[in-house]
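Data first, discussion second: the structure below is written as structure tokens.
All of the numbers you see were taken from the coordinates with simple rules; none came from a lab. Treat the numbers as computed from the prediction; the structure is a model and nothing was measured. Cβ placement follows ideal geometry from the backbone for every residue including glycine, while neighbour counts extend to all protein chains displayed.
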Amino acid sequence: MCKYIHGDSQFEKIRKSLDGKGINLNIPGRDEHVPKSFIRTLRERVQAIANELPFVTYLHWLIEEMVHNVIFMKTAFLTRMVYMTK
């Protein structure tokens, strides 16, 4: 299960619902380093899922599930690829 999410200020909208599920949202300040490629990839993949759905607006829980799905799939395959190269 996902326990931490590192994101930018656009994720601030779902902070309360994430806190209720025990997920820590980390939004760094201006001086902190964040891997932009991960945030960009996460945003692009969530937008790709959202574009396939027939809704105009999305409930917070649906956005959370899309983010959770993207992070799960990314880490699942990344872990397997690391093990396969060893």
Treating every alpha carbon of the range 4-85 as one equal point scatterer without solvent, the Debye formula yields log10 I(q)/I(0) values at q = 0.22, 0.23 Å⁻¹ of -1.17, -1.24
Relative contact order, percent, of the range 4-85 when contacts are C-alpha pairs under 8 Å separated by at least 6 residues? 28 percent
Would you mind getting me the FRET efficiency between ILE27 and ALA48? Use the beta-carbon distance for r and R0 = 22 Å, nearest 0.05. 0.45
